[in-house]
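Below: the structure, in structure tokens.
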């Protein structure tokens, strides 16, 4: 069965409109969900909607409320909420183009694949895709989907394009709140040379299939063993793993040891200098980049 598009409409660039369809680019199928079980009976726990002092209530007696002060609510019914929902407009107008590095990665939220809606749209679609690729730009616009308005970006991706929803400025915590107590001290040059050499040796091309969710894998293995009636000695298996968490007292020695065990070619380790204080702190840059416009009320 063919996948159903998440949204159908058109991308507009000046007077050119391109019919497109978008599909979710990611899925969350790797997670494992648990249910709460009453162990003596083996029955699943159920939850009732109750009111203190009254007890269980009927679903048709429940409305939505916004707490504007402690214990004070504004009540809204579904018709009132539906009345202010944004119409799911069928046009994404590209109003601005920027360099990809102008937007901090923290603003990017969820990706979607964009494809031409039909054969007639393909020519214009390819022209826009290649123009974005040639100029190395991404297009920005706002799009209403399913009752909410998003800031979105469009960029070339293989034979198609990718649309990503962006977080609004007021949805991102300012980095300075977390980074302001980090020292501005310059790192020791020899330590920095060793660290960059280690990075060079371990540099390669990204391949998502190289990485697995080891926690999910371990949970699946545990579930299979339990199904077969086997037991798992967690404590003994944990001891056989890597000994992590030990304090690194000599940063210089640790970097040299890491460099010696790293695989791949790299530049030679720099000549020794007189030892300096091992606990030099690295400088951390604050997250930057332009932020999308603030969300309208």
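Please treat every number below as a calculation from the coordinates, not as lab data. Since we're looking at a predicted model, the values are computed, not measured. Because the Cβ atoms are built from the backbone with ideal geometry, glycine has one as well, and the counts that use them run over all protein chains shown.
I'd like to compare 12-22, 206-216: which one has the highest average count of other Cβ atoms within 10 Å, and what's the full order after that?
12-22, 206-216
Starting from the Cα-Cα distance between residue 208 and residue 66, subtract it from 0.36 nm times their residue separation and give me the gain in nm to one decimal.
Result for the pair: 46.9 nm of gain on full extension.
Normalised by the residues of the stretch 76-173, what does the relative contact order come to in percent, with Cα pairs under 8 Å and at least six apart?
The value is 36 percent.
Taking 22 Å as R0, compute the FRET efficiency from the Cβ-Cβ separation of residue 99 and residue 12 and round it to 0.05.
For R0 = 22 Å, the calculated efficiency reads 0.50.
Could you order peptides 163-170, 141-148, 217-224, 75-82 by the average number of other Cβ atoms within 10 Å of their residues, highest first?
163-170, 141-148, 217-224, 75-82
Under a crude label model (7 Å from the Cα following the beta-carbon direction), how far is residue 189 from residue 3 in nanometres?
5.2
Taking all pairs of distinct Cα atoms, average 1/r, flip it, and tell me the Kirkwood hydrodynamic radius of the stretch 58-145 in Å to one decimal place.
When all Cα pairs of the stretch 58-145 are included, the Kirkwood radius is 17.6 Å.
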